[in-house]
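Encoded as structure tokens, the structure appears first; notes follow it.
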Amino acid sequence: MQGARRTARPGRQRLGWWLVAPTLVLLVGFNVFPLLYNVVLSFTNAELTGGERRSLGGANYGRVFRDPVFAGALRRTALFVASVVSAELILGLVLALALVKRFPGKHVVLTLLLIPMMLSPAVMGLFWGLILNGNYGILNQALGAAGLSQPQWLTDRDLKFWSIVLIDVWMWTPFMMLIALAGLGAIPPSIYEAAQIDRAGPWRVFWRITLPMTAPVLGLAVLFRATDALKQFDLVMATTGPNDASTQTLSTLLYQVVFRDGKVGLGSAFACTVLVVVMALATVFTRYIDRMQKTEAAA
Amino acid sequence: MKLLRWLVIAGYLFVATLPLVWMGLSSIKQRDATISANARFVPSLSAPVGEDSARFEATLDPYRQLAHVHAGARQSFWGHLKSSVTIGFLSTAAAVVLGSACAYGFSRFRLAGKQDWLFFILSTRFMPPLAVVVPVLIMYRRMDLQGTHLGLALLYTVFNLSMAVWLMKGFLDEIPRAFEEAAMVDGYSRAQAFVRVVLPEAATGMAVTAVFCLISAWNEYGFAMTLNSSGAVTVPAYFAGLQGNIEGMPWPQIAAGALVFVAPIVAFTVLVRKNLLRGMTFGTIKQ
């Protein structure tokens with residue numbers, strides 16, 4: 001009881017604020033301040049090389065909304081997020097269902113499967129370039145040996161986007177699998193036993209029990225992956241570079257505009273527009289976590 | 001059903017590990033063998049006889065050549081690895097200390113707007129690096145931090161703080177308050193109680209947090225290539241910079257370097273395997 005009284009004593013909270021202050025100051029300095037500064041820059045003709053800055057009014061925003069290149073990058077990023085998240089979700093769930101039962105060597109297999117998500121996307125993306133190379137890549141050699149066609153994975157205009165999707169799926173399916181496994185593990189066996197007594201078939205059990213009961217954690221996994229995939233930069237840079245019309249994502253376009261074309265003002269306007277989308281998604285995400293933690297606390 | 005299960009597991013195990021296996025094989029080849037029109041996947045001690053042989057002569061040259069400075073780069077692989085290590089350790093230490101302090105503050109004190117602050121901290125993680133890099137670049141140019149170890153380490157510290165705070169908050173919340181309160185009743189000050197009672201209990205959590213901070217700093221590429229293209233270049237930015245190299249891609253050296261670069265990450269993954277889920281989800285799923 002004495003401890004509780006101690007915490008309640010006025011002035012006691014000061015130490016608490018001292019503990020959290022450095023982190024909050026750093027986060028404001030490196031997140032909030034750059035955001036505001038971005039807004040200021042977005043109304044100017046600022047260039048990377050420096051020089052005099054003039055106000056342009058809303059001209060940069062006019063360009064952002066009219067330019068088909070921006071619209072294309074936005075559409076492509078949305079397609080990328082939708083593709084990788086759904087492919088990873090389905091594959092991850094299938095893997096988790098296959099792995100949920102105990103078997104000898106399970107821990108070794110699991111650890112091996114999880115390694116891709118821990119590796120550097122920039123480095124692995126570069127190395128996938130060797131694997132997917134149209135002329136001497138191992139994938140095409142295997143396809144050739146099987147008598148199948150050997151597409152130019154990373155240079156074919158219609159294919160390279162999907163090759164990057166493929167690499168992302170390779171990297172992040174383990175993440176979905178890991179979360180799905182946790183969800184499956186949390187289902188009490190008694191529910192399955194009850195279903196068995198009712199003679200429910202495996203499909204019915206999956207749709208009526210397994211899926212609904214893992215849905216909350218899978219939702220969290222989807223949000224994690226979606227916010228991450230929205231930022232996709234490393235893999236595109238490592239495979240096709242920032243200025244490829246069929247693979248340009250929001251982040252790589254931003255890089256191209258600011259660092260290759262040197263147009264900081266335009267880039268900032270673009271970044272501010274993107275951030276509205278990011279913040280919307282982030283809000284959905286944090287609300288979701290908030291709700292999940294509250295139901296967990298209630299349970 | 002059982003057969004299907006095994007097929008799924010074995011098939012995906014093959015797909016998941018193939019790039020690393022291929023990396024290992026490529027790292028003991030001569031350059032010609034890495035870009036040969038027929039796959040060479042059987043290492044042997046002597047040079048292969050035919051053109052279409054699947055064998056290649058194994059060599060350790062690529063590892064020796066990691067000391068070689070490639071066209072377009074200023075340092076060898078080892079120099080860049082040193083930058084990665086310095087920046088990784090500096091930022092990890094800072095993020096764990098600051099993050100633990102912050103998490104302790106939120107865990108044990110009733111601070112106004114606590115929930116809002118925590119979600120503000122989490123939301124910084126969603127920021128695309130490319131969206132904040134320009135103001136940071138302008139700031140860094142003024143403060144002479146561009147292209148320095150300190151500058152990038154500072155930035156990684158900030159970007160790992162959200163993860164460090166959330167992970168540590170989860171670990172600290174699990175330590176019963178009664179422990180410290182009992183110690184304080186026995187006459188310990190809060191600082192003494194923290195060091196003698198909380199720290200030993202939180203050590204595992206701090207180690208797990210450190211591993212995840214280190215991995216995220218180790219793998220980071222966006223800030224590394226935009227802020228540190230001139231100095232203190234980390235390994236991911238260095239490898240990416242070899243693209244379009246006039247000597248052609250030095251694949252065996254890239255494979256050898258990449259293997260050296262990812263080996264510690266694989267080791268750490270094995271070490272924290274029980275806390276992987278927790279780390280990857282910032283402690284929002286605790287299992």
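The values are calculated or read from the model by the stated rules, or taken from the named source; none is laboratory data. Since this is a predicted model, take the numbers as computed values, not measurements. FYI the Cβ positions are ideal-geometry reconstructions off the backbone, even for glycines, and counts take in every protein chain you see. These area figures cover heavy atoms from the full protein model, side chains too; ligands, DNA and RNA do not enter into them. Shrake-Rupley method; radii C 1.70, N 1.55, O 1.52, S 1.80 Å.
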Practice item. Check A:L166, A:L93 and return the single one that is out of contact with any helix residue (DSSP H, G or I) (no Cβ under 6 Å at 6 or more places or on another chain), within 12 Å of chain B (Cβ to nearest Cβ) and assigned to a helix (DSSP H, G or I). Key: A:L166
Review point. Within the range B:255-284, can you find the residues that are without any contact (Cβ under 8 Å) to a residue 60 or more places away in the chain and either more than 8 Å from chain A (Cβ to nearest Cβ) or open to solvent by less than 10 Å² (accessible area, probe 1.4 Å) (or both)?
Key: B:A263, B:P264, B:I265, B:A267, B:T269, B:K274, B:L276, B:T281
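Table: residues versus (1) within 7 Å of chain A (Cβ to nearest Cβ); (2) in a loop (DSSP other than H, G, I, E, B); (3) surrounded by fewer than 20 Cβ atoms within 10 Å (Cβ to Cβ).
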position	(1), (2), (3)
B:A95	no, no, no
B:L98	yes, no, no
B:C102	yes, no, no
B:S107	no, no, no
B:L130	yes, no, no
B:R141	no, no, yes
B:D144	no, yes, yes
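Could you check the range B:235-254 and list, in sequence order, the residues that are among the aliphatic types (A, V, I, L, M) and either open to solvent by 20 Å² or more (accessible area, probe 1.4 Å) or in contact with an Asp or Glu (Cβ under 8 Å, 6 or more places away or on another chain) (or both)?
Of the residues in the range B:235-254, the ones among the aliphatic types (A, V, I, L, M) are B:235, B:237, B:240, B:242, B:246, B:249, B:254.
If the condition is that a residue be among the aliphatic types (A, V, I, L, M) and either open to solvent by 20 Å² or more (accessible area, probe 1.4 Å) or in contact with an Asp or Glu (Cβ under 8 Å, 6 or more places away or on another chain) (or both), then B:I246, B:M249 are the ones that fit.
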**Study point:** Subset of the range B:21-53 [more than 14 Å from every other protein chain (Cβ to nearest Cβ), surrounded by 11 or more Cβ atoms within 10 Å (Cβ to Cβ) and of a type in the set (V, I, T)]
**Key:** B:I28
**Study point:** Selection from the range B:146-181 of residues that are over 16 Å from the mean Cα position of the chain (by Cα) and at the interface with chain A (Cβ under 8 Å from one of its Cβ atoms)
**Key:** B:V165, B:R177, B:A178, B:E180, B:E181
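Would you check if A:I138 is among the β-branched types (V, I, T) and more than 30 Å from A:L220 (Cα to Cα)?
Details: among the β-branched types (V, I, T): yes; more than 30 Å from A:L220 (Cα to Cα): yes.
Judged against the criteria, A:I138 is a match.
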Revision key, fill the gap. Here the residues within the range A:225-252 that are open to solvent by 10 Å² or more (accessible area, probe 1.4 Å) and basic (K, R) are A:K231
Practice item. Collect the residues in the range A:255-284 that are more than 7 Å from every other protein chain (Cβ to nearest Cβ), under 22 Å from the mean Cα position of the chain (by Cα) and crowded, with 20+ Cβ neighbours inside 10 Å, keeping them in residue-number order. Key: A:F270
Revision key, fill the gap. Only unsatisfied item for B:F194, checking (1) in contact (Cβ under 8 Å) with a residue 24 or more places away in the chain; (2) under 27 Å from B:Y221 (Cα atoms); (3) not hydroxyl-bearing (S, T, Y), is (2)
Exercise for review: All but one of (1) exposed (fewer than 15 other Cβ atoms within 10 Å of the Cβ); (2) assigned by TED's automatic domain parsing to the domain that holds B:P252; (3) among the charged types (D, E, K, R) hold for B:K82, so report the exception by its number.
Suggested key: (1)
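Of the residues A:L48, A:L41, A:L24, A:L35, which is out of contact with any Leu (no Cβ under 6 Å at 6 or more places or on another chain), at pLDDT 95 or above and of a type outside the set (F, W, Y)? I'd like the intermediate steps shown before the answer.
Working: A:L48 fails: at pLDDT 95 or above; A:L41 fails: at pLDDT 95 or above; A:L35 fails: at pLDDT 95 or above.
Every option except A:L24 fails the conditions.
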Review point. Between a first residue in the range A:118-134 that is more than 7 Å from chain B (Cβ to nearest Cβ) and a second residue that is open to solvent by 20 Å² or more (accessible area, probe 1.4 Å) and part of a loop (DSSP other than H, G, I, E, B), which pairs have beta carbons less than 6 Å apart while being 6 or more apart in sequence or on different chains?
Key: A:L132/A:W153; A:L132/A:L154; A:G134/A:Q152
Practice item. Give the residue that is farthest from B:F261 (Cα to Cα), with candidates limited to residues of the range B:29-58 that are in contact (Cβ under 8 Å) with a residue 60 or more places away in the chain and assigned to a loop (DSSP other than H, G, I, E, B). Key: B:I35
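Step by step: first the residues of the range A:285-299, then only those that are among the aliphatic types (A, V, I, L, M) and open to solvent by 40 Å² or more (accessible area, probe 1.4 Å), then the one that is nearest to B:G170 (Cα to Cα). Which residue is that?
Start the filter on the range A:285-299 by keeping residues that are among the aliphatic types (A, V, I, L, M), which leaves A:289, A:292, A:297-299.
Still in the list and also open to solvent by 40 Å² or more (accessible area, probe 1.4 Å): A:297-299.
Details: A:A297: 13, A:A298: 17, A:A299: 17 Å.
Only one residue fits best here, namely A:A297.
With a cut-off of at least 2 residues that are more than 30 Å from A:P242 (Cβ to Cβ), name the helices (runs of 4 or more DSSP H) lying wholly within the range B:196-287. Break it down into steps so the answer makes sense when it comes.
Details: elements: B:199-219, B:222-227, B:235-241, B:251-271, B:276-280.
Once the helices (runs of 4 or more DSSP H) in the range B:196-287 are filtered for at least 2 residues that are more than 30 Å from A:P242 (Cβ to Cβ), what remains is B:199-219, B:251-271, B:276-280.
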**Study point:** Unique match (being closer than 27 Å to B:F14 by Cα and modelled with pLDDT under 95) among A:T240, A:T173, A:T273
**Key:** A:T240
Exercise for review: Of the conditions (1) touching a helix residue (DSSP H, G or I) at 6+ places or on another chain (Cβ under 9 Å); (2) more than 10 Å from chain A (Cβ to nearest Cβ), B:S189 clears all except one; give me its number.
Suggested key: (1)
Study note, to complete from the structure: B:H149 fails exactly one of (1) under 20 Å from A:Q13 (Cβ atoms); (2) touching a helix residue (DSSP H, G or I) at 6+ places or on another chain (Cβ under 8 Å); (3) open to solvent by 60 Å² or more (accessible area, probe 1.4 Å), namely (1)
Check your understanding: Across the range B:114-128, what is the total count of residues that are farther than 17 Å from B:G283 by Cβ and either open to solvent by less than 40 Å² (accessible area, probe 1.4 Å) or aromatic (F, W, Y) (or both)?
Key -> 2
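Got at least one residue in the range A:57-67 being of a type in the set (V, I, T), surrounded by 13 or more Cβ atoms within 10 Å (Cβ to Cβ), farther than 25 Å from A:A238 by Cβ and within 14 Å of another protein chain (Cβ to nearest Cβ)? I'd like the intermediate steps shown before the answer.
Of the range A:57-67, the ones of a type in the set (V, I, T) are A:64.
Narrowing the set further to residues that are surrounded by 13 or more Cβ atoms within 10 Å (Cβ to Cβ) leaves A:64.
From what's left, farther than 25 Å from A:A238 by Cβ: A:64.
From what's left, within 14 Å of another protein chain (Cβ to nearest Cβ): A:64.
Within the range A:57-67 (the criterion being of a type in the set (V, I, T), surrounded by 13 or more Cβ atoms within 10 Å (Cβ to Cβ), farther than 25 Å from A:A238 by Cβ and within 14 Å of another protein chain (Cβ to nearest Cβ)), the answer is yes, since at least one residue qualifies.
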Study note, to complete from the structure: Within the range A:24-47, of all residues that are more than 8 Å from chain B (Cβ to nearest Cβ) and more than 30 Å from B:A164 (Cα to Cα), the one surrounded by the most Cβ atoms within 10 Å (Cβ to Cβ) is A:A46
**Study point:** Hits in the range A:184-222 (condition: open to solvent by less than 20 Å² (accessible area, probe 1.4 Å) and of a type in the set (A, V, I, L, M, F, W, C))
**Key:** A:L184, A:I187, A:A195, A:L218, A:L220, A:A221
